[in-house]
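Colleague: Below you will find the structure I want to go over with you.
Read the figures in this text as sums done on the coordinates, not as results from a lab. Treat the numbers as computed from the prediction; the structure is a model and nothing was measured.
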Amino acid sequence: MTIGELAGLIAAIAFVILVIFACISLSQVSKMLKETNESVKVLSSDVDTLSKETEKLLGNTNSLLEDLNKKSIELDPAVKAVADVGQSVSNVNEAVNNFVERHEERQSRFSGFTKFVTQAVVMGAWRKLRQHRQAKKAKEMDE
């Protein structure tokens with residue numbers, strides 16, 4: 001065997017090994033592509049199911065929003081009425097506070113006057129009582 005034949009034999013063996021590894025790699029790639037295709041099919045069907053469910057969910061959400069909008073429109077006058085009642089209560093409260101303040105002010109003004117009049121009446125009654133007693137004593141002494 002010559003060197004050329006030996007080199008050819010080595011090259012042929014290397015080529016056979018290369019072809020074997022290429023076949024193994026291609027077989028694995030083919031298997032992986034089949035699994036990928038199956039996964040894509042499963043994902044496609046899942047996405048279709050999911051899109052149908054999402055469509056139903058969006059339909060339900062839209063109907064709920066419409067119902068909520070209708071109820072909100074119906075409640076609007078009631079909320080406005082409650083706000084008006086709140087304002088009225090606030091106005092009444094303010095008026096009552098003003099009345100109480102004025103009443104207390106008048107009462108404090110008349111309090112001094114009432115005290116003075118009461119003292120004058122009591123003093124006058126006391127003087128009359130003393131005069132009456134003195135007159136009675138004087139009359140008893142004269143007798």
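Colleague: Below 20 Å, Cα to Cα, which lysines can Lys52 reach? Residues fewer than 8 away in the same chain don't count.
Modeller: Lys41
Colleague: Starting from the Cα of Lys80, draw a straight line to each of the lysines and keep only those under 20 Å, dropping any in the same chain fewer than 8 residues away.
Modeller: Those lysines meeting the cut-off are Lys70, Lys71.
Colleague: Let me ask you something else. Mind running the shape call on the stretch 64-143? Use the C-alpha gyration tensor, a ≥ b ≥ c as the square roots of the eigenvalues: rounded below 1.5 for a/c, prolate if a/b tops b/c, oblate otherwise.
Modeller: prolate
Colleague: For helix 3-142, report the angle its Cα long axis makes with the longest principal axis of the Cα atoms of the chain; keep it between 0 and 90° and round to the nearest 10°.
Modeller: On a 0 to 90 degree scale, this one is about 0.
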